[in-house]
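Visitor: Structure incoming, see below.
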Amino acid sequence: DTEVTQTPKHLVMGMTNKKSLKCEQHMGHRAMYWYKQKAKKPPELMFVYSYEKLSINESVPSRFSPECPNSSLLNLHLHALQPEDSALYLCASSQGLQEGYEQYFGPGTRLTVT
Amino acid sequence: AQKVTQAQTEISVVEKEDVTLDCVYETRDTTYYLFWYKQPPSGELVFLIRRNSFDEQNEISGRYSWNFQKSTSSFNFTITASQVVDSAVYFCALSGGGGSTLGRLYFGRGTQLTVWP
């Protein structure tokens with residue numbers, strides 16, 4: 001089973017709201033990733049967790065706060081977002097951080113900030 | 001620095017035509033990995049293939065085939081007898097080098113393939 005699940009599929013939120021995106025995988029993978037993707041662009045890496053520890057933060061604004069409660073779950077907490085944060089947010093996982101491991105992606109959450 | 005170039009922004013073909021998506025990469029690493037992903041309109045990136053820098057054998061999987069040539073730093077993807085369901089954005093990606101690049105996939109800009117019935 002190479003499935004990564006994400007909830008919700010769609011999210012509309014105001015600039016003062018607080019919401020969370022959730023990601024889950026049951027492949028025993030030890031690395032998990034958050035990406036942001038704008039229309040007609042490739043995914044941009046935001047955060048990487050390895051063995052439940054934050055390994056990479058690509059200078060993402062603090063209004064995005066990641067959390068990895070256990071090896072299967074990854075959350076992205078959102079607060080005081082801006083309209084330009086509207087995008088597709090993709091979660092991915094891989095066996096580890098080593099270069100050769102392919103990443104498996106979830107279906108994404110389409111976020112609209114009004 | 002790692003870089004992937006997909007010069008074809010959009011390609012349109014009619015069903016049953018063969019189509020090749022180009023991917024050119026740049027890296028100074030001797031060990032690296034190349035990937036192709038498919039992103040249909042639904043949004044999920046689907047992993048298609050991984051190839052390491054030491055394996056230049058071409059690969060065929062059904063209607064899909066990949067041509068890896070280190071001499072030209074290319075990893076091209078051919079779809080034979082295209083179908084409407086092949087319509088998607090296809091991304092080529094590169095990883096390698098370790099250190100600060102560990103955990104990072106370097107994506108090309110993607111090629112939008114449209115297959116018309």
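Visitor: Run down A:LYS41, A:LYS22 and say which single residue is at pLDDT 95 or above, surrounded by fewer than 19 Cβ atoms within 10 Å (Cβ to Cβ), more than 21 Å from B:GLY99 (Cβ to Cβ) and at the interface with another protein chain (Cβ under 9 Å from one of its Cβ atoms).
Guide: A:LYS41
Visitor: For region B:30-51, what are the residues that are hydroxyl-bearing (Ser, Thr, Tyr) and either surrounded by 18 or more Cβ atoms within 10 Å (Cβ to Cβ) or part of a strand (DSSP E or B) (or both)?
Guide: B:TYR32, B:TYR33, B:TYR37
Visitor: Look at region A:74-101 and say how many of its residues are part of a loop (DSSP other than H, G, I, E, B), at the interface with chain B (Cβ under 10 Å from one of its Cβ atoms) and crowded, with 19+ Cβ neighbours inside 10 Å.
Guide: 2
Visitor: I would also like to ask the following. Restrict the check to region B:42-52 and report whether at least one residue is among the small types (Gly, Ala, Ser), at pLDDT below 95 and at positive phi.
Guide: Yes, some residue in region B:42-52 is among the small types (Gly, Ala, Ser), at pLDDT below 95 and at positive phi.
Visitor: Could I ask something else about it? Could you grab me the full set of residues in region B:1-29 that are of a type in the set (A, V, I, L, M) and either in a strand (DSSP E or B) or crowded, with 18+ Cβ neighbours inside 10 Å (or both)?
Guide: Selection gives B:VAL4, B:ILE11, B:VAL13, B:VAL14, B:VAL19, B:LEU21, B:VAL24.
Visitor: Taking only pairs six or more apart or across chains, which ones have beta-carbon atoms under 6 Å, a first residue in region A:25-38 that is more than 12 Å from every other protein chain (Cβ to nearest Cβ) and over 20 Å from A:PRO61 (Cβ atoms), and a second residue that is in a strand (DSSP E or B) and small (Gly, Ala, Ser)?
Guide: What qualifies is A:GLN25/A:SER93; A:HIS29/A:SER93; A:HIS29/A:SER94.
Listed here are the residues, each with its yes/no results for (1) at pLDDT 95 or above; (2) loosely packed, with under 15 Cβ neighbours inside 10 Å; (3) over 24 Å from B:LEU102 (Cα atoms).
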| site | (1), (2), (3) |
| --- | --- |
| A:ASP1 | no, yes, yes |
| A:GLY28 | no, yes, no |
| A:LYS36 | yes, no, no |
| A:TYR49 | yes, no, no |
| A:PHE64 | yes, no, no |
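Visitor: Among B:PHE54, B:PHE47, which is the only one that is out of contact with any helix residue (DSSP H, G or I) (no Cβ under 8 Å at 6 or more places or on another chain) and under 19 Å from A:SER93 (Cα atoms)?
Guide: B:PHE47
Visitor: Determine whether region A:56-64 contains at least one residue that is touching a residue at least 12 places away in the same chain (Cβ under 8 Å) and within 12 Å of chain B (Cβ to nearest Cβ).
Guide: yes
Visitor: Starting from residues that are crowded, with 20+ Cβ neighbours inside 10 Å and small (Gly, Ala, Ser), keep the ones in region B:67-113 and report whichever is modelled with the lowest pLDDT.
Guide: The residue in question is B:GLY103.
The values are calculated or read from the model by the stated rules, or taken from the named source; none is laboratory data. Just so you know, these numbers come straight off a predicted model, no measurement behind them. Virtual Cβ from ideal backbone geometry, glycine too; neighbours counted across all protein chains shown.
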